[in-house]
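Colleague: Quick one: structure below, then a few questions.
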Amino acid sequence: MHSPRGERKETELVSVNWNYFRIGLLIGGGVTLITLLGAYALACGYVYLVPSLPSTDSMRNVELQVPLRVYTRSGALIAQIGEQRRIPVGYDQIPDLVKHAFLAAEDERFFEHHGIDYFGVVRAVLIDLLSGDKSQGASTITMQAARNMFLNLDKTYRRKLQETFVTYRMEHEFTKQEIFGLYLNVIFFGQRAYGVAAAAEAFFGKSLDKLDVAEAATIAGVPKAPSRYNPIVDPQLATGRRAYVLRRMRELGYIDAATAEAANKEPMQARAHAPLYDVEAPYVAEMARLELRQRFGANAEIAGYRVYTTIDGRLQASANRAVRVGLIEYDRRHGWRGPAGHVDLPAHGEPDYDDLVDEYAAIGNLSPAIVVSVGEKNARAYVKSLGPVQIEWDGLSWARKQLRNETPGPAPKDAGQVLAKGDVVYVVADEAGHAQLGQIPEAQSALVALDPNDGSIVALVGGFDYFTNKYNRVTQARRLPGSGFKPFLYSAALENGLTPATVLLDAPIVLDANGSEEAWRPENSTREFGGPTRLREALVRSRNLVSIRILKDLGVGTAIDYIARFGFDPRTMPHDLTLALGTLQATPLDVAAGYAVFANGGYRVTPYFIDRIEDGSGAVVWRAAPRMVCAQCDEGGAQSAGAEALRVSDPAHGEPAPLPADQVAPRVISAQNAYLMSDMMADVIKRGTGRRALALGRGDIAGKTGTTNEAKDTWFNGFTRNLVATVWVGFDQERPLGESEEGARTALPIWIQFMREALRGVPEQQRPMPEGLVTLRISPQTGTLVSAENPDGVPETFMANHLPDSGSVAQGPEAQASSEPIF
């Protein structure tokens, strides 16, 4: 029998259980209601925000800002240009080490979740609500990819909701590998670097596959806060962040404890690095950028275009080296201007030399260095980013102090007269620790080389160093070609009846600009006169007074009309006798194009430097169509006419191949004229002003020096059958290069050094003598024909229709075929 007290307890228990049930029911209902309300709100939010979300198609076809890339003809990288540094890489191209570092740093469960870490989101929202600063986040790799690709970086609830919806779409439209690859290509690292490949290059100057564990962990730690963990901006914070990433990689089993410990002990080696390249041709890269903007608009620089130039990487490297060595050698002849700066070194301890010299940048092949000790005949220095080097006496003894008139003083007797401890100097150093003292040249130079058969530019150097002076002297500097202009005038003389044996007077003449005998008293550079001089000898010895008499005899108008055939603008030519001395203004590229006419046998080609342009997908959107030399396309040197397809030889089949008429370079001078001029300029090399080029040991080179009044501009223009190269040396702000400086001493050594490499392994190729020429024996004094038995006679070549005057000289075919004199 139950007692009243027991019944009361039972009733109370039932009541408590009922209360619990009701509370549970209320809680469950509340959760359900909140869930339904949340789902409804989420659905409403989706409906509201869907117009602002990227479509599936746009997500599939998203275009990254990819920099313009410029390549050599063979595909070697010259430059990448754009506001954003980005090097797109496929998922399979990313090393596992790098993938593991980012998974450890950002999202270890990436391959397990569906794009959103719900627990992390709830945690972040609660902390944000409590703190009110919206500082927390729980972004997965997918969410970061969505934000960086399709949204902005605002920390608002609207943007976070958009991010959630885009993340959901991405997880359904892309594979995990695609998402991870996209993330590693779009994430920002600072230093203008977007994507992991660009970050590896910007921080460590390496490609992805060259990164070690410490470097991969450093890069993986940056995206969390690029402004804080940038290893260049704050190495200490970056080192701490790296330690965290290494610890997570060890905990997740990606690396072992020993590897993590070793990587942790490595000093932070990050430095600012320029984009990597295979071939140094910055002037060409800038030309390509300007050309692309002109063709496709300003956005072309970020649309992923690839420009394939006509540059030959080997020849470009040779051109760079030749210009720099030549300018340094010229500069040394004019004395030592002193150190670039000075720093106080501590009496004890080893300072951070790289930090002390940080404000000085490498210029060309010159590296900044701090002198750490000075001996009697040598010095020790620390080269930025290279380390200690030894400068022996042969690298110091040239440094004679430059006097006020820019002439060098007496030679130094010991190293202490040149350097002092703490001096900041520039040196040319090698990896073996040897160096020579240098200084930044004040003079400048330009070199351009092209293929005379189609005008393609194979090497171009616009100055000593592009990054200190972007002025491209090959295409922008209009200077006086001086005596280098004479071959064009002599060609006009041959066309108008003169011959290589024609005798003119090398003697003083007094003229004014209009040709009247009054004011102008031109001289030869040697201030000597040779009297009666054959045309060939006048060119070989670069006689100014003979050139003036040629122009006076031809007439200025006739000469200008003829010389315009070589591509020179008649409007730039002075209409007076000073033209004979090369007083028109022309760029080195103009002059090289003119000499190409001699090199290719008489055809005018147009210089070009872009072979083709590809868009981001690899499709060719533009291709060059140069006019090419076609010796088989005309008969006897006459220009072919008509619109029918012409034919050139096809080496692959040994048969003629079709060539449209509009692709054939026009003939502008006769083959006979071109041959004679080339032969006369070959003598300039053999025994004239260009004889230093005999050091090349070749018989198939020809050219002409050029030196203007007071040596303000010095040149050498030379060629073989398949290569033309022009070198200019001078000051940007025109002033004399100095006493005894001339084209043969300044420009020719640069040309020789370039051609030595350019012609390495290339067999000699003499151009065959064309029909219409005849070789006869002449008197070297009078230029008149002599008999075969005359021991003083010398051979000379003539156009068959321009033979020396003589009533007994045959003019028919038998004279053309004979190499013996008629009498």
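The values are calculated or read from the model by the stated rules, or taken from the named source; none is laboratory data. What you are looking at is a predicted structure, and each value in this text was computed from that prediction instead of being measured. We place every Cβ from the backbone using ideal geometry, glycine too, and count neighbours over all the protein chains shown. Note: accessible area is taken over every heavy atom of the protein model, side chains too, but ligands, DNA and RNA are not part of it. Shrake-Rupley method; radii C 1.70, N 1.55, O 1.52, S 1.80 Å.
Colleague: What do you reckon, is V546 surrounded by 14 or more Cβ atoms within 10 Å (Cβ to Cβ), without any contact (Cβ under 8 Å) to a residue 40 or more places away in the chain, more than 15 Å from G706 (Cα to Cα) and not hydroxyl-bearing (S, T, Y)?
Modeller: No.
Colleague: What about E764, is it more than 19 Å from P481 (Cβ to Cβ) and out of contact with any helix residue (DSSP H, G or I) (no Cβ under 6 Å at 6 or more places or on another chain)?
Modeller: yes
Colleague: Next question, about the same structure. Quick one: V762 ticks every box in (1) assigned to a strand (DSSP E or B); (2) of a type in the set (A, V, I, L, M); (3) more than 22 Å from F488 (Cα to Cα) bar one, so which box is it?
Modeller: For V762, the exception is condition (1).
Colleague: Which one of these is at pLDDT 95 or above and either open to solvent by 30 Å² or more (accessible area, probe 1.4 Å) or in a helix (DSSP H, G or I) (or both): L505, L539?
Modeller: Going through L505, L539 in turn, the sole match is L539.
Colleague: Can I ask one more? Residues of region 694-712 being surrounded by fewer than 24 Cβ atoms within 10 Å (Cβ to Cβ), over 28 Å from W520 (Cα atoms) and not basic (K, R), which ones?
Modeller: L694, A695, L696, G697, G699, D700, listed by residue number.
Colleague: All but one of (1) within 30 Å of D414 (Cβ to Cβ); (2) crowded, with 16+ Cβ neighbours inside 10 Å hold for L292, so report the exception by its number.
Modeller: Single failed check for L292: (1).
Colleague: Residue under question is R247, and the condition is that it be on the phi > 0 side of the Ramachandran plot and open to solvent by 20 Å² or more (accessible area, probe 1.4 Å); does it hold?
Modeller: No; evaluated as a whole, the condition is false for this residue.
Colleague: While we're here: Given the conditions (1) open to solvent by 70 Å² or more (accessible area, probe 1.4 Å); (2) touching a Leu at 6+ places or on another chain (Cβ under 8 Å), which single one is not true for E789?
Modeller: (2)
Colleague: Follow-up. Has region 587-598 got any residue that is aromatic (F, W, Y) and either open to solvent by less than 10 Å² (accessible area, probe 1.4 Å) or within 36 Å of the chain's Cα centre (by Cα) (or both)?
Modeller: Within region 587-598, one or more residues are aromatic (F, W, Y) and either open to solvent by less than 10 Å² (accessible area, probe 1.4 Å) or within 36 Å of the chain's Cα centre (by Cα) (or both).
Colleague: Consider G531 carefully, then state whether it is at positive phi and touching a Leu at 6+ places or on another chain (Cβ under 8 Å).
Modeller: Yes.
Colleague: Hey, among I219, I255, which residue is of a type in the set (A, V, I, L, M), in contact with a Leu (Cβ under 9 Å, 6 or more places away or on another chain) and assigned to a loop (DSSP other than H, G, I, E, B)?
Modeller: I255
Colleague: May I pose another question? Of D344, D354, which residue is more than 30 Å from L460 (Cβ to Cβ) and open to solvent by 60 Å² or more (accessible area, probe 1.4 Å)?
Modeller: D344
Colleague: Oh, and also: Please go through (1) surrounded by 24 or more Cβ atoms within 10 Å (Cβ to Cβ); (2) in contact with an Asp or Glu (Cβ under 7 Å, 6 or more places away or on another chain); (3) on the phi > 0 side of the Ramachandran plot for G455 and return the number of the only condition it doesn't satisfy.
Modeller: So the condition that G455 fails would be (2).
Colleague: Which number in (1) modelled with pLDDT under 90; (2) surrounded by fewer than 14 Cβ atoms within 10 Å (Cβ to Cβ) marks the one condition that G497 misses?
Modeller: (1)
Colleague: Which ones in region 179-200 are surrounded by fewer than 22 Cβ atoms within 10 Å (Cβ to Cβ) and farther than 20 Å from T140 by Cβ?
Modeller: Of everything in region 179-200, those that are surrounded by fewer than 22 Cβ atoms within 10 Å (Cβ to Cβ) and farther than 20 Å from T140 by Cβ turn out to be G190, Q191, R192.
Colleague: Within region 363-468, considering only strands (runs of 3 or more DSSP E) that don't extend past its boundaries, which have at least 2 residues that are within 20 Å of R321 (Cα to Cα)?
Modeller: Ranges flagged: 367-374, 423-429, 434-438, 444-450, 457-461.
Colleague: Any idea which of R332, R314, R324 is assigned to a helix (DSSP H, G or I), modelled with pLDDT of 95 or more, among the basic types (K, R) and surrounded by 18 or more Cβ atoms within 10 Å (Cβ to Cβ)?
Modeller: R324
Colleague: Please enumerate the residues belonging to region 461-487 that are touching an Asp or Glu at 6+ places or on another chain (Cβ under 8 Å) and closer than 13 Å to G743 by Cβ.
Modeller: R479, L480, P481, G482
Colleague: OK, next. Name the residues in region 213-241 that are farther than 18 Å from E201 by Cα, aliphatic (A, V, I, L, M) and open to solvent by 50 Å² or more (accessible area, probe 1.4 Å), would you?
Modeller: L237
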